[in-house]
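The values are calculated or read from the model by the stated rules, or taken from the named source; none is laboratory data. All values derive from a computational prediction rather than experimental measurement. Every residue, glycine among them, receives a Cβ derived from its backbone with ideal geometry; neighbour counts consider all protein chains shown.
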Amino acid sequence: MIQKLTSDKHTQPFKGPFSITRIHPGDILQEKTDDFAFGTLSNIDHAVMKKRLKIKMHEHVNDEILSYVRKGTMYHRDSAGIEVAITPGNLMMMNAGESFWHEETVDEDEVEMLQIFVRPKETDLNPDIQFHEKPVQNRDWYLMVGPENSEAPLHVRQNVFMFDAHPRKGDTLEVPVYDGYKQFLYVMYGEISIGEMEVEKFEAVTDMDEALPIISANEDATIVLFLVDIDAPMSLAGTISGMTT
């Protein structure tokens, strides 16, 4: 049975020049639990950053974080001296491990982005940072992130795959599925239909028993798909990803 996570379930830990809508993926399961993760997928921060905003240098520990920008440019700088513009065509994967420091700045138009937090397989791994240029408006699925032994361009130290797609109104897409992985599909922008269900911006769907059916775009959309090994071992020591209640 398809289960839907509606937008009224989300929290907003930050409002103002830096606004976050925090999606707890585990809320889609509607189970009474102290943890709000979907297996190793801890949370998705759907952020809007106004121009001339600077988030000062801060530390992450034991977080695996994908920065995915839909519009605008976010400038990254870290303690290793790396400075990179993160845009809709340039992804950043931060494997924080035992410690990683960085800051974020918006100089021009406002930024809309996702920061996706995954729990690593082990505590205090070596820190790393990766970047990847991708197509900007791919109408079909594009594999962005996968485990270290996968063919994905960016690696996460966990059994998680991440895809995106930008279907246009009227497009239909089959949803990728891998044996042993559960699907979690998030609508970042626009609206889609899946089965008889409409899914709008800030909403998500899953099916814990069967593969999700073909989706159709009711309007131009940006969608992000997660394939998650629900039972994979994980560390709960992450600065953000390790949070439960």
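Quick notes on this one:
- Tabulated pairs, the range 21-38, first surrounded by 14 or more Cβ atoms within 10 Å (Cβ to Cβ), second part of a helix (DSSP H, G or I) and of a type in the set (Lys, Arg), C-beta under 7 angstrom, 6+ apart or interchain: ASP27/LYS9
- Residue within the range 150-161 that is assigned to a loop (DSSP other than H, G, I, E, B), in contact with a Leu (Cβ under 7 Å, 6 or more places away or on another chain) and of a type outside the set (Asp, Glu) present: yes
Residues are listed down the side, and each one gets a yes or a no for (1) within 21 Å of SER42 (Cβ to Cβ); (2) free of Cβ contacts under 8 Å to residues at least 60 places away in the same chain; (3) among the acidic types (Asp, Glu):
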{"residue": "HIS76", "(1), (2), (3)": "yes, yes, no"}
{"residue": "ALA96", "(1), (2), (3)": "yes, no, no"}
{"residue": "ASP107", "(1), (2), (3)": "no, yes, yes"}
{"residue": "PRO120", "(1), (2), (3)": "yes, no, no"}
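- Residue within the range 191-212 that is modelled with pLDDT of 95 or more, more than 17 Å from THR6 (Cβ to Cβ), of a type outside the set (D, E, K, R) and outside any loop (DSSP other than H, G, I, E, B) present: no
- Any hit, the range 151-162, residues being over 18 Å from PRO176 (Cα atoms) and at pLDDT below 95: no
- Scanning the range 132-141 for residues that are assigned to a strand (DSSP E or B) and either crowded, with 16+ Cβ neighbours inside 10 Å or touching a Ser or Thr at 6+ places or on another chain (Cβ under 7 Å) (or both) yields a total of 0.
- Considering the range 199-234, and only residues there that are touching an Asp or Glu at 6+ places or on another chain (Cβ under 6 Å) and farther than 14 Å from PRO25 by Cβ, the residue that is surrounded by the most Cβ atoms within 10 Å (Cβ to Cβ) turns out to be ALA217.
- Among the criteria (1) in contact (Cβ under 8 Å) with a residue 24 or more places away in the chain; (2) surrounded by 15 or more Cβ atoms within 10 Å (Cβ to Cβ), the one PRO147 does not fulfil is (1).
- Restricting LEU236, LEU227 to those that are part of a strand (DSSP E or B), over 19 Å from LYS9 (Cβ atoms) and hydrophobic (A, V, I, L, M, F, W, C) reduces the list to LEU227.
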